[in-house]
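Just below is one structure, and these are the notes that go with it.
The values are calculated or read from the model by the stated rules, or taken from the named source; none is laboratory data. Please read all numbers here as calculations on a predicted model, not as lab measurements. Cβ placement follows ideal geometry from the backbone for every residue including glycine, while neighbour counts extend to all protein chains displayed.
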Amino acid sequence: MDFRQEIARALAQRTQMSLEEIDSWIEIPPQSSMGDFAFPCFRLAKTMRKAPPAIAQELSDVLVDADFIERTETAGGYLNFFVNRTSYIASQVKNTLNAGYMFGSSDLGSGKTVIVEFSSPNIAKPFHVGHAFTTILGNSLAKIYNHLGYKVVRMNHLGDYGTQFGKLIAAWQLWGNEQALVEHPINELLRIYVKFHDLAKDDPELELKARDHFRRLENGEEFEKSLWQKFRDLSLKEFNEVYKRLGVEFDNFNGESFYSSQIPAVIEELKNKKLLVESEGAQVVMLDEFDLPPCIILKSDGTTIYASRDIAAVLYRDRTYNFDKNIYVVGTPQALHFKQVFAVLEKAGFEKAANCEHVGFGLVKFPDRKLSTRSGDVILLENLINESVDKTYEIIKSNSELRQTNLPEDEMKMIAEKIGIAAIMFTFQKNSRERDIVFSWEDMLDFEGDSAPYVLYTYARAHSILRKAQANGYLESVDEQVPEAVLDLLTSDDEFALAKLLDSFGGAVERAAQANEPYILLRQVINIARAFNRYYHNESILGTDDEKLRRARLGVLQAVCTAVKTGLDLLGIQAVERM
């Protein structure tokens with residue numbers, strides 16, 4: 001039973017309002033003494049032409065005969081509902097177990113397509129920690145939207161075009177080493193790229209050569225095109241190794257270059273609509289009415305720019321996928337760029353300009369250094385992952401309390417791999433995405449704090465109890481179906497607190513999608529883990545002599561495991577059953 005829906009349905013019938021509207025108004029009171037659900041009657045004052053307290057009093061008998069409601073109370077303009085605890089706990093545990101790993105899913109997005117563009121590293125440059133934010137955040141959003149019934153298209157808009165390729169080609173001609181490229185492609189390309197920038201400061205001729213190479217690349221000249229393809233293929237091979245380790249997948253790798261041939265049509269359309277004007281030799285669209293600076297479509301030398309390629313990409317995506325939402329998971333510093341692109345689309349009469357959304361995020365910081373590709377001062381994501389895994393392994397190996405059994409060495413290393421990667425993913429999603437991230441190994445790998453190791457250890461502990469129950473003959477398997485009748489024995493405060501968190505899990509998934517904020521779901525998972533640990537501390541699970549109560553409490557553990565594993569998966573994190 002969905003208690004909230006039942007309350008909303010009853011109120012909708014009495015008020016002649018829509019079920020959706022009533023449901024959106026129902027609140028969860030901040031304190032349990034104020035009820036389990038609350039309905040603010042202020043919103044009905046205009047239609048019912050009564051004072052909110054009077055409306056609350058009039059509706060107070062709306063569920064007087066319902067056995068799942070213990071009582072109602074009015075407080076000012078609020079009507080507060082107190083549920084029957086026994087019925088509520090049993091219902092939430094049952095719902096969770098029946099849902100399995102579809103727990104918290106819905107058909108909210110049925111028939112709708114969401115494009116999520118994320119990761120989008122630059123070809124020929126290292127996959128550094130700065131790329132982790134967009135990769136991890138975008139992967140979670142794709143999973144969350146998919147869980148809500150949307151058709152999700154995961155786009156990796158590779159940075160495989162632009163003037164930097166002219167620089168790279170010029171640098172390769174001057175200093176490239178074929179053997180080094182074969183052995184360590186990204187390292188070699190980074191070396192010559194950094195050298196180019198160092199020398200170009202005092203040699204303007206280098207910049208002129210680079211611009212000429214990019215012009216030739218746009219014209220499809222064989223030498224430039226073949227080098228570009230080689231650099232792209234080698235880079236993508238290295239990127240895919242990182243993606244595989246993170247468990248990240250894409251449906252499409254169309255980079256900037258893919259849209260280059262489509263730009264003439266975009267320019268023609270903008271010209272036909274008399275939107276293009278010349279400014280200092282460049283072709284721009286004026287955006288004064290949006291309080292934005294002009295958007296450059298073609299530079300003075302006739303080459304394209306990010307904006308022109310992004311406009312072409314939006315039009316292509318609509319033709320190909322007929323999207324309902326087109327999301328760009330790109331750093332906050334690019335906010336102006338996307339405002340300009342969306343404004344040009346709106347000015348050109350593209351109906352879905354409003355369906356395009358920039359999902360920005362903060363910076364990645366280390367206390368003692370700044371990151372810069374041009375200077376070569378980067379921290380590779382692969383190296384960060386390795387360090388996290390190594391540190392996790394040492395913590396597990398040296399702490400006997402964390403190890404539930406004498407695990408084989410290879411299994412311990414596999415667990416350390418999962419937890420080490422999870423610690424990084426957790427860190428990037430722990431707070432609102434627009435906040436900067438400052439790395440702290442102490443916080444990331446804290447088995448007691450709000451961290452991936454804490455949640456994963458909680459999940460492993462719950463599974464350990466279920467395995468012990470199976471070994472003792474209390475369960476045939478760790479997922480044996482719980483008899484519904486015994487769930488009525490669950491009445492404690494801790495069980496009620498867990499039931500509330502299970503009940504609100506689906507809402508957390510939906511809110512995470514609405515705000516494009518995975519941290520909303522992450523907080524829900526942390527709260528479930530903390531509530532479970534309180535329950536584990538306060539209640540005897542395997543030690544009780546009441547066989548039916550023991551089975552009911554094991555059902556609570558199964559429900560907690562389902563919720564935590566589902567939540568972690570939506571955040572791109574693999575659960576571990578042993579530690």
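Select, from Asp324, Asp310, the only residue that is surrounded by 16 or more Cβ atoms within 10 Å (Cβ to Cβ), in contact with a helix residue (DSSP H, G or I) (Cβ under 8 Å, 6 or more places away or on another chain) and among the acidic types (Asp, Glu). Can you show your working first?
Numbers: Asp324 fails: surrounded by 16 or more Cβ atoms within 10 Å (Cβ to Cβ).
Step by step, each of Asp324, Asp310 is checked, and only Asp310 is surrounded by 16 or more Cβ atoms within 10 Å (Cβ to Cβ), in contact with a helix residue (DSSP H, G or I) (Cβ under 8 Å, 6 or more places away or on another chain) and among the acidic types (Asp, Glu).
Going by the conditions given, is Trp228 within 30 Å of Ile136 (Cβ to Cβ) and surrounded by 14 or more Cβ atoms within 10 Å (Cβ to Cβ)? Yes: the conditions hold for Trp228.
Annotation: Phe323 fulfils all but one of (1) among the aromatic types (Phe, Trp, Tyr); (2) in a loop (DSSP other than H, G, I, E, B); (3) under 22 Å from Thr163 (Cβ atoms); the unmet one is (3).
If the condition is being over 19 Å from Gln92 (Cβ atoms) and part of a helix (DSSP H, G or I), then segment 1-16 contributes Ala10, Leu11, Ala12, Gln13, Arg14, Thr15. Would you pick out the residues in segment 466-484 that are outside any loop (DSSP other than H, G, I, E, B) and either touching a residue at least 40 places away in the same chain (Cβ under 8 Å) or more than 15 Å from Ala552 (Cα to Cα) (or both)? Of everything in segment 466-484, those that are outside any loop (DSSP other than H, G, I, E, B) and either touching a residue at least 40 places away in the same chain (Cβ under 8 Å) or more than 15 Å from Ala552 (Cα to Cα) (or both) turn out to be Leu466, Arg467, Lys468, Ala469, Ala471, Glu484.
All but one of (1) modelled with pLDDT of 95 or more; (2) out of contact with any Gly (no Cβ under 6 Å at 6 or more places or on another chain); (3) not small (Gly, Ala, Ser) hold for Asp65; which doesn't? Among (1) modelled with pLDDT of 95 or more; (2) out of contact with any Gly (no Cβ under 6 Å at 6 or more places or on another chain); (3) not small (Gly, Ala, Ser), Asp65 violates only (1).
Residues in segment 159-191 that are in contact with a helix residue (DSSP H, G or I) (Cβ under 7 Å, 6 or more places away or on another chain) and closer than 30 Å to Ile115 by Cα: Gly159, Asp160, Tyr161, Gly162, Thr163, Phe165, Ile186.
Please determine, by comparing only the residues of segment 287-307 that are in contact with a strand residue (DSSP E or B) (Cβ under 7 Å, 6 or more places away or on another chain) and closer than 10 Å to Ala343 by Cβ, which one is surrounded by the most Cβ atoms within 10 Å (Cβ to Cβ). Give the derivation first.
First, the residues of segment 287-307 that are in contact with a strand residue (DSSP E or B) (Cβ under 7 Å, 6 or more places away or on another chain): 287, 294-300, 304-305, 307.
If we keep only those that are closer than 10 Å to Ala343 by Cβ too, we end up with 287, 295.
Working: Leu287: 18, Cys295: 24.
Going through the qualifying residues, I end up with Cys295.
Could we say that Gln524 is under 30 Å from Thr332 (Cα atoms), crowded, with 19+ Cβ neighbours inside 10 Å and of a type outside the set (D, E, K, R) here? Yes, satisfied. Residues that are in contact (Cβ under 8 Å) with a residue 40 or more places away in the chain and under 34 Å from the mean Cα position of the chain (by Cα) within segment 3-51 comprise Phe3, Arg4, Glu6, Ile7, Ile28, Pro29, Met34, Gly35, Asp36, Phe37, Ala38, Phe39, listed in sequence order. Residues in segment 447-480 that are out of contact with any Phe, Trp or Tyr (no Cβ under 7 Å at 6 or more places or on another chain) and acidic (Asp, Glu): Asp450, Glu476, Asp479, Glu480.
Rundown of residues vs (1) under 31 Å from the mean Cα position of the chain (by Cα); (2) under 21 Å from Gly162 (Cβ atoms); (3) of a type in the set (Phe, Trp, Tyr), yes/no style:
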site	(1), (2), (3)
Glu256	yes, yes, no
Ala265	no, yes, no
Val277	no, no, no
Val284	no, yes, no
Pro294	no, yes, no
Asp318	yes, no, no
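Can you name the residue in segment 166-190 that is modelled with pLDDT of 90 or more and surrounded by fewer than 18 Cβ atoms within 10 Å (Cβ to Cβ) and, of all such residues, is nearest to the chain's Cα centre (by Cα)? Per the stated criteria, the residue is Ala180.
Just name the residue that is farthest from Phe231 (Cα to Cα) out of those in segment 192-208 that are among the charged types (D, E, K, R) and touching a helix residue (DSSP H, G or I) at 6+ places or on another chain (Cβ under 8 Å). Quick ask: steps written out before the conclusion?
Here is the first cut: in segment 192-208, the residues among the charged types (D, E, K, R) are 195, 198, 201-203, 205, 207.
Cutting the leftovers down to touching a helix residue (DSSP H, G or I) at 6+ places or on another chain (Cβ under 8 Å) gives us 195, 207.
Values: Lys195: 17, Glu207: 20 Å.
The qualifying residue farthest from Phe231 (Cα to Cα) is Glu207.
Suppose the filter is of a type in the set (A, V, I, L, M) and part of a helix (DSSP H, G or I); does Leu542 pass it? No. Taking the listed residues Ala54, Ala132, the one that is part of a helix (DSSP H, G or I), without any contact (Cβ under 8 Å) to a residue 40 or more places away in the chain and either of a type outside the set (D, E, K, R) or assigned by TED's automatic domain parsing to the domain that holds His358 (or both) is Ala54, with no other qualifying.
Could you identify the single residue in Ala508, Ala552 that is assigned to a helix (DSSP H, G or I), within 27 Å of Leu108 (Cα to Cα) and touching a residue at least 40 places away in the same chain (Cβ under 8 Å)? It would help to see each step written out before you state the result.
Values: Ala552 fails: within 27 Å of Leu108 (Cα to Cα).
The unique qualifying residue is Ala508.
Restricting segment 57-78 to residues that are touching a strand residue (DSSP E or B) at 6+ places or on another chain (Cβ under 7 Å) and in a loop (DSSP other than H, G, I, E, B), the residue that is farthest from Ile7 (Cα to Cα) is Gly77.
Taken over segment 328-369, the residue count meeting the criterion of being part of a strand (DSSP E or B) and either at pLDDT below 95 or not β-branched (Val, Ile, Thr) (or both) is 8.
Let's see how each residue does on (1) surrounded by fewer than 24 Cβ atoms within 10 Å (Cβ to Cβ); (2) modelled with pLDDT under 95; (3) of a type in the set (A, V, I, L, M, F, W, C):
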position: Lys94; (1), (2), (3): yes, no, no
position: Leu97; (1), (2), (3): yes, no, yes
position: Pro121; (1), (2), (3): no, yes, no
position: His128; (1), (2), (3): yes, yes, no
position: Ala132; (1), (2), (3): yes, yes, yes
position: Thr135; (1), (2), (3): no, no, no
position: Asn146; (1), (2), (3): yes, no, no
position: Met155; (1), (2), (3): no, no, yes
position: Gln164; (1), (2), (3): yes, yes, no
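Entry remark, segment 17-51: residues being among the small types (Gly, Ala, Ser), surrounded by 14 or more Cβ atoms within 10 Å (Cβ to Cβ) and part of a helix (DSSP H, G or I) number 1 in total.
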